[in-house]
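First up is the structure itself, then whatever we jot down about it.
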There are 2 protein chains.
Amino acid sequence: MDKVAAKLRVVRNSLGHVQAVEPTIIDHGSPEAPRPKYEYFKLNGWGYNDTKILFDSAKNCGYVTGSRYSFAKLPLTQLEEFVKRDVGLDVRSKAKLPQDMMAVDPPYVNEPFISDLGDSFSRLSFDDRERMTHSHGHTLDEMYRAKFGKFDRFADCVVYPGEHDHVEKLVKLAVKHGVVLIPYGGGTNVTKALLLLKEEKRMIVSIDMTRMNKVKWVDKVNMLACAESGIIGVDLEKELQKSGVCTGHEPDSVEFSTLGGWIATRASGMKKNYYGNIEDIVMNLRVVTPIGTYEKLSVWPRISNGPDLFHMIMGSEGIFGIVTEATIRVRKLAEVHEYDSLVFPSFEDGEKFMWELARNRVYPASVRLVDNIQFRFAVAFSVAPQSLKSDFLQRIARFYLTRIKGYDPYKLAVATLLFEGSTEETQYQKKLLYEIAERHSGMSAGEENGRKGYRLTFLIAYIRDFAMEHDFIAESLETSAPWSKVLPLCENTKKQVKESAAKLGVTIDPFVTFRITLLYETGATVYIYIAICSRGLKDPVAAYEKIEEEARWCIIRNGGSLSHHHGVGKLRKKFLPHVMAPCGLEIIRGMKQNVDPRNVFAAGNIVDLEEPKAKSGEDKPSPTPKL
Amino acid sequence: MDKVAAKLRVVRNSLGHVQAVEPTIIDHGSPEAPRPKYEYFKLNGWGYNDTKILFDSAKNCGYVTGSRYSFAKLPLTQLEEFVKRDVGLDVRSKAKLPQDMMAVDPPYVNEPFISDLGDSFSRLSFDDRERMTHSHGHTLDEMYRAKFGKFDRFADCVVYPGEHDHVEKLVKLAVKHGVVLIPYGGGTNVTKALLLLKEEKRMIVSIDMTRMNKVKWVDKVNMLACAESGIIGVDLEKELQKSGVCTGHEPDSVEFSTLGGWIATRASGMKKNYYGNIEDIVMNLRVVTPIGTYEKLSVWPRISNGPDLFHMIMGSEGIFGIVTEATIRVRKLAEVHEYDSLVFPSFEDGEKFMWELARNRVYPASVRLVDNIQFRFAVAFSVAPQSLKSDFLQRIARFYLTRIKGYDPYKLAVATLLFEGSTEETQYQKKLLYEIAERHSGMSAGEENGRKGYRLTFLIAYIRDFAMEHDFIAESLETSAPWSKVLPLCENTKKQVKESAAKLGVTIDPFVTFRITLLYETGATVYIYIAICSRGLKDPVAAYEKIEEEARWCIIRNGGSLSHHHGVGKLRKKFLPHVMAPCGLEIIRGMKQNVDPRNVFAAGNIVDLEEPKAKSGEDKPSPTPKL
């Protein structure tokens, strides 16, 4: 017996169920190893422990706690009025406070597996906080349970590999001992991809990749860099910056999500117009599967070697293996980072502007068109003094009154812009962009409004937490659609949400708002925020999920995709047969059968395997063989 | 028995082997149906029947026959001198004339299959010319056999489906009756992907897709078009042009190759810098596999729905099914089409220019840097009078003498350029491009030289035929490599070819020339022409293949890929385990097993299936069951 197994003592009751494991944690990590997530991330909600939205009744304003963000502690003077009028939320209502942390079931332990593992890890933890953190992502259901409920199944332990070889060993042993492995990166998934299957009777080991966080090399001649998959987005950029390069990949989760997670979910970033989606960035990857480690044996700019297996791994959501490393295309640091914003008389005018940008491939790093209510939402979370905003609205009024004879402040739409790149290319983009804006009655609304528009991105999930404690449940969803479908899709989805909510007894008209964002010549991404009042609903999450489901059917009927970048997970599995021909699912199932015949990677995402179901009535893991 | 089977009479000898099938052809096609290929394409070489390179001893010049190309019949006055000095080929040597058409073995006929087929086709042919044409692509080996030898196995018949449903029926019946299907588009493959397996005992039916050649719709709002897969490149562009759009996909084979062929081989085009590779263009596809028709059920600009199965089909070289239709991204017709050319003091200077273009994403539709010998090769196939060329060289001399103090006409390299796009974007590109060229001592050599540079593209395969009839065998190969590997790869590959050739007893130093072309931020495509003198070689093709094999090992050792866009086929299968981790092949084999368990699509490309080998000594197909 090796030293790790010798150290661990598993206490069982007379039925063989585990009561405790001692010590809870074995850590081989160096002092610089990343801290366990619960030390900085909430156990009952989104984001940093120190960051929360609160309302100060004495000062009549909201504010963000902590000091992490530039806007922390500044007064949100318009918050109360906006959420009362446009959402129906009373910020002075008594907050429904969440539990500190849910109760966690004892683990199921496969001792032969643990014993064989030896010292092949950086950290091994049976700590309840870690087990809980690693048993969920951030879909509404998961967040609601984190605050007010409990998960059906918990990761039995969390293993942090320190190098590729650890992962190879973990996978081999999981196959040998019938253990389930769930790769875990930033945990920011929003498709229930990380939620564990209730009926899983085997030991579930969460593989936390964040200790594999090194940038291995940067090659500035070929504009490549190689990094371990557990590196978190912001750390990757920080590290690359030291060499004067960047990826430019910036999903909204970039503070927490990892390179490996981006690959597993086929991620997209806010600045994809300029830097590309993850499939444009990844030039090589190493993925450990039960039948071996797959990788290309060198890095080439583009090849024609039969089927490209990268596209089997990208978007595979943990069902085939664990990505340990990737070689990515990097770019020189941009010379220019410039924000701007444009006001359009209506969302329809703005959409035409976006469409023309795409047709002409005028691609600023980011351009986001928000509808009227989202614009006002952004203003409510802006810290500018009231006077400044009135002044701004007056300027818009003057502009439109003289130029297009009348405008409606409750109709206008705003596009926020971010230009990145070389001086020449951003100048070229700007020239063409403003010509196109002009044709659609776009008026510049200044850099500051552009910059502020983007900060809402990092606040959104905190806002959802605030809403949840005030009887509102909220979620974002996204789709992509051909240009001609974008506006009808928005209109019909809004109608659908309102109709579905009314049917379910939601008393206040739902808040539904749209953003048209990432540009493609053939279409665009539509981002949707929905918030519904949960007061009086017996099961608010079930009600919301019904509304979202009906909204998704509506989106699909209206030419939208199942997902542009969030993925399928377990949340959207049922829709897959409606967006691809049936043999597609059969092909994916066949891949799974070939690559992972023992279903070690039993995340349960994307497709259901035709396997015997767990016996009903038997919810708890059964006892394991002892050493 | 249906009417088709009733019409067909299969004459067999006493052993059951087919002697004849009557009538040879059943054609349901309309009068506008494309003509069978042999009516316009050579049976013993590349290209149009009327187009051939000849040397006129009386006039001391070469010329191209026919009237199809703008340069046809014009005198190639420098041809003789160049090929004598730089290649070692004597154009006055007696040409070794090819056979008109090789002998074709009688077909193997699975009568129950033919009978069940009914009328589900546009044309059904047992014609020897069609069977021969459909039994090969245009790899050197195949061309040499077309001229001087024989194939080991012939397609037993050629079926032209007229619509998607015909293909679905063909695939169903092939599964039922144990028939092999080989999809056939333009037949221009150069990896032996179309060469049939000698040991195949089942009836082989070549599915010629060229009667499925309609553009079904064009959508100018969403910049999409849907076309049947059998449409030939030039026809697709012609048809799209009527709607004011184009694909811009222009592989060198564009006169003959098809949309479906591009998908099956993961093709790339000359103008990919501006229009993208095939994977950037295809937005949806329909592929008929033995387990059903796969397609996405709508067209979305980008999605994250699990593994993207398009990338399983793209590059699958006919082993999974038949692509019947694709929806593609289109572009507005370019406002500007402008050629130019640049002279650099050396290939090394030119390479630095190319590298800097890529790093700065200055992407003219095409830019090709040819080495010194390829530049002189192009001049030899140029029709400009001698005087003009001397004048040009004098201008270059003057420029370099004053600017960089000396130059060597036997060292300079030339980049040909094609700008396409809107006025603004080409102006922007040109400004940046000429600044970069200036930094690397590039001197403009005029539009005419640029334009002429590109025409060599369409002549190359005719030149190979000319060479083959004068004791030279020639081939092109390609790779992609990171920028830092490009120059050493060229240098080492040239050395390797010369060394390999010498070892094999090739008496004249081989002709080896390089072109750096399609740009990527992380690397480039390298295109290589090789010609060796076959005089005195016992088996010229075997010798050449040995040289190419050693060259490919050298390319891989030097960081080059197995293929940038030609593909794997049967020619490069043996290298695959050396460019990807072993489980990659296992995964592809697993896909094949799942999608085509009976190996209906027995093209034998990419991977070998672990199947019982045909008994040796039994080369002929065995008799079939009778109706």
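Nearest 100 Å² is fine: how much accessible area is buried between A and B, summed over both sides, with a 1.4 Å probe? Interface area, both chains combined: 6900 Å², rounded to the nearest 100. Could you run the Debye sum over the Cα atoms of segment B:1-100, one equal point scatterer each and no solvent, and tell me log10 of I(q)/I(0) at q = 0.12, 0.17, 0.18 Å⁻¹, two decimals? Values returned for q = 0.12, 0.17, 0.18 Å⁻¹ are -0.67, -0.92, -0.99. Share of carbon and sulfur in the accessible area of chain A stands at 52%, probe radius 1.4 Å.
Based on the alpha carbons, how large is the Rg to Rh ratio for segment A:445-493 when Rh follows Kirkwood? Reported Rg/Rh (Cα atoms, Kirkwood Rh): 1.10. A convex hull fitted around the alpha carbon atoms of segment B:484-548 yields 75 Å³ per residue. Placing one equal scatterer on every Cα of segment A:130-210 and applying the Debye formula, the log10 ratio I(q)/I(0) at q = 0.13, 0.23 Å⁻¹ is -0.40, -1.08. Per residue, the convex hull spanned by the alpha carbons of segment A:190-297 comes to 124 Å³. Summing charges over neighbours of B:E228, with a neighbour being any other residue whose Cβ is under 13 Å away from its Cβ, gives -2 when K and R count +1 and D and E count -1.
Charges were assigned to the Cβ only: +1 to each Lys and Arg, -1 to each Asp and Glu. The resulting dipole of segment A:45-92 about its Cα centre is roughly 100 debye. Treating segment A:77-157 as a set of equal point scatterers at the Cα positions, no solvent, please give the Debye-formula log₁₀ I(q)/I(0) at q = 0.18, 0.21, 0.26 Å⁻¹. Normalising to I(0) and taking log10 leaves -0.86, -1.00, -1.18.
The per residue volume of the convex hull around the alpha-carbon atoms of the protein assembly as shown is 200 Å³. For segment B:551-596, a drop of 40 Å² or more in accessible area on going from the chain alone to the assembled protein chains (1.4 Å probe) is found at B:V579, B:M580, B:A581, B:C583, B:I587, B:M591, B:N594. Its convex hull of Cα atoms gives segment A:469-580 a direction-averaged projected area, equal to a quarter of the hull surface, of 7.0 nm². How much of the DSSP bridge set in the protein assembly as shown is antiparallel, in percent, rounded to the nearest 5? Of the beta bridges lying entirely in the protein assembly as shown, close to 90 percent run antiparallel. Scaled against the 2.2 N^0.38 Å expected of a compact globular protein of N residues, the Cα radius of gyration of chain B reads 0.98.
Distance between the C-alpha centres of segment B:284-317 and segment A:46-68: 47 Å, rounded to the whole angstrom. From largest to smallest, the equivalent ellipsoid semi-axes obtained for segment B:427-528 from the alpha-carbon gyration tensor read 30, 19, 12 Å.
Screening chain B for whole DSSP H helices with an alpha carbon extent of at least 27 angstrom along the helix axis and a mean Kyte-Doolittle hydropathy of at least 1.6 yields nothing.
Binning the alpha carbon pair distances of segment A:32-83 at 10 angstrom intervals from zero yields the distribution 24, 40, 26, 8, 2, expressed in whole percent.
Taking Cβ atoms as reference points and 13 Å as the exclusive limit, the residues near A:L297 contribute a net charge of +2, counting Lys and Arg as +1 and Asp and Glu as -1. When shorter helices are ignored and each DSSP H run of at least 4 residues is given -39500 (n - 2.57), the per-residue value for chain B at 222 nm works out to -10000 deg cm²/dmol. Accessible surface calculations at 1.4 Å, restricted to protein heavy atoms, place chain B at 36 Å² per residue. Panel note: contact residues of segment A:483-506 (accessible area lowered by at least 10 Å² against the chain on its own; 1.4 Å probe) correspond to A:W483, A:S484.
Near A:L487, once Lys and Arg are set to +1 and Asp and Glu to -1 for all other residues with Cβ below 10 Å from its Cβ, the sum equals -1. Distance from the alpha carbon centroid of segment A:133-196 to that of segment B:498-553 works out to 52 angstrom.
The values are calculated or read from the model by the stated rules, or taken from the named source; none is laboratory data. Note that the structure is predicted; figures quoted are calculated from it, not measured. Using ideal geometry, Cβ is built from the backbone for each residue, glycine included, and neighbour counts are taken over all protein chains shown. Calculation scope for accessible area: heavy atoms of the full protein, side chains included, ligands and nucleic acids excluded. Shrake-Rupley method; radii C 1.70, N 1.55, O 1.52, S 1.80 Å.
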